[in-house]
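Peer 1: One structure coming up, written as structure tokens, with questions to follow.
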Amino acid sequence: LDLLDAPGVLPARIADQAAAARLAMCNDIGEAAYAVAGVAAILVELLKRLPTAGPHVLSNRYKIKADELSGEEFLEALADRLCMGDVNQAAHRVLKDFRRGAFGWIALERPPL
């Protein structure tokens, strides 16, 4: 039995949780391996901090003031506004919109210098 390592092969356990969250945001980890609402909340916080995105991309898309809310609070507000209070459905919507480029094509990390 030969085991080959190739690009795209992920280890069974990822020690760096920030990297694991970014992989989940990009749909490179199966949904059974993470909490959708937690990853979406992290994504909201990350988008608000990125100079290429900022809170206005969320506010423009969903008509909710993102700059004054945490990621969890934003998902709750979005759930109340569009998803009949279902935070999990709101989280799926934010992740889907990010993955299809509705916020613009945004890099989650910079290449090493």
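The values are calculated or read from the model by the stated rules, or taken from the named source; none is laboratory data. Model, not experiment: these values are computed from the prediction. Backbone-built Cβ (ideal geometry, glycine too); neighbour counts: all protein chains shown. Quick note on the areas: whole protein, heavy atoms, side chains included, nothing else; ligands and nucleic acids left out. Shrake-Rupley method; radii C 1.70, N 1.55, O 1.52, S 1.80 Å.
Peer 1: Say we look at the stretch 45-55 and pick out the residues that are more than 15 Å from G101 (Cα to Cα) and open to solvent by 90 Å² or more (accessible area, probe 1.4 Å); which of these is modelled with the highest pLDDT?
Peer 2: R49
Peer 1: Mind counting the residues in the stretch 70-113 that are within 14 Å of A41 (Cβ to Cβ) and under 11 Å from the mean Cα position of the chain (by Cα)?
Peer 2: Within the stretch 70-113, residues that are within 14 Å of A41 (Cβ to Cβ) and under 11 Å from the mean Cα position of the chain (by Cα) number 7.
Peer 1: Of all residues in the stretch 24-37 being over 14 Å from F103 (Cα atoms) and in contact (Cβ under 8 Å) with a residue 24 or more places away in the chain, which is least open to solvent (accessible area, probe 1.4 Å)?
Peer 2: V36
Peer 1: Working only within the stretch 93-113, note down all residues that are surrounded by 12 or more Cβ atoms within 10 Å (Cβ to Cβ) and either acidic (D, E) or touching a strand residue (DSSP E or B) at 6+ places or on another chain (Cβ under 6 Å) (or both).
Peer 2: D97
Peer 1: Among the residues of the stretch 76-92, is there at least one that is at pLDDT 95 or above, open to solvent by 40 Å² or more (accessible area, probe 1.4 Å) and of a type in the set (S, T, N, Q)?
Peer 2: yes
Peer 1: Would you confirm whether or not the stretch 58-67 contains a residue that is modelled with pLDDT under 90 and surrounded by fewer than 16 Cβ atoms within 10 Å (Cβ to Cβ)?
Peer 2: Scanning the stretch 58-67 turns up at least one residue that is modelled with pLDDT under 90 and surrounded by fewer than 16 Cβ atoms within 10 Å (Cβ to Cβ).
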